[in-house]
Structures are given as structure tokens and as C-alpha cells.
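The block underneath contains the structure these notes are about, expressed in C-alpha cells.
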Amino acid sequence: MSPLRWVWLVLAIWGAVHPMYWFITWFLENEWSLMAMVDAWHANAATSGLVWDLTIAAVTLTVFVLAEVWVRKNWIGLLAIPATFCIGVSCGLPLYLFLRARPVT
């Protein structure tokens, strides 16, 4: 495996673990209330801006993944879509780059 592929893999793992640590910590303190988390995301203009920034990035990444998978027929790349929406762009983007960078056989 190439060094760059290792970088993508490490970033995907970090992008999954680090945000999930904070989400789980928050949920443990707030009785696993998803609606309370959504409210917290919009606590002020700065957090609302960040939510929209990440939402737009997630949609953009999804369109890119779909377009690339359609052309390249690299179906495993579709795993980046649920990773993006269930974990975050910090996991989905490097995961897609890792999957896309695999050697073509």
C-alpha cells in the first residue's frame, strides 16, 4: 500500500474516532436526545454556520462520489456516503480517497 493511501486511511480513522468521542460524550451528558443535539447545533449563528458548512460539504462530497462511482464503476466507493452522513465529512472524505486510491486490477 502506498504511503498516501496510508495517510488517507489514518485520516479516515481519526475522522471517525475523534468526532464520535465528542458526540458520545455529549449524548451521555444529555440522555441520548437527538433533538437536543440538533438544538445545540443551532445554539448561535456560529454553530449554525458550521452546520450549514458541513452539510453543504457533505452534499458536495456525495455528488462527487456518485459521479465518480458512475464513471469508474468503483462500487466500494459508495461506502463513503453513509460514513459521511452517519459520522461526518471528516471520515467520509478521507475514506473515499482511500478507497479511490486502491490499485486498479
Residue pairs within 7 Å by beta carbon, gap of at least six or interchain, first lying in region 62-86 and closer than 9 Å to residue 96 by Cα, second assigned to a helix (DSSP H, G or I) and of a type in the set (Ser, Thr, Tyr), listed first then second, are 65/96; 77/96; 80/96; 81/62
**Asked** Could you say whether any residue in region 91-104 is aliphatic (A, V, I, L, M) and farther than 17 Å from residue 16 by Cα?
**Response** yes
Pairing a residue in region 15-28 that is in contact (Cβ under 8 Å) with a residue 24 or more places away in the chain and over 17 Å from residue 41 (Cβ atoms) with any residue that is in a helix (DSSP H, G or I) and among the hydroxyl-bearing types (Ser, Thr, Tyr), where Cβ atoms lie under 8 Å and the two sit 6 or more apart in sequence or on different chains, gives 15/90; 16/90; 18/90
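Sort out which residues of region 82-105 are under 15 Å from residue 72 (Cβ atoms) and out of contact with any Leu (no Cβ under 9 Å at 6 or more places or on another chain), and write them in order of number. Break it down into steps so the answer makes sense when it comes.
Step one: list which residues in region 82-105 are under 15 Å from residue 72 (Cβ atoms), which gives 96-105.
Passing the criteria: 100, 102, 103, 104, 105.
From the list 87, 13, 76, exactly one residue is of a type in the set (Val, Ile, Thr) and surrounded by fewer than 13 Cβ atoms within 10 Å (Cβ to Cβ). Which is it?
Working: 87 fails: surrounded by fewer than 13 Cβ atoms within 10 Å (Cβ to Cβ); 13 fails: surrounded by fewer than 13 Cβ atoms within 10 Å (Cβ to Cβ).
After ruling out the rest, the residue left standing is 76.
Bear in mind that the values in this text are calculations on the coordinates, not laboratory data. The structure presented is a predicted model; accordingly, all values stated were derived computationally and were not measured. Counting neighbours? That spans all protein chains shown, and the Cβs are built from the backbone with ideal geometry, glycine included.
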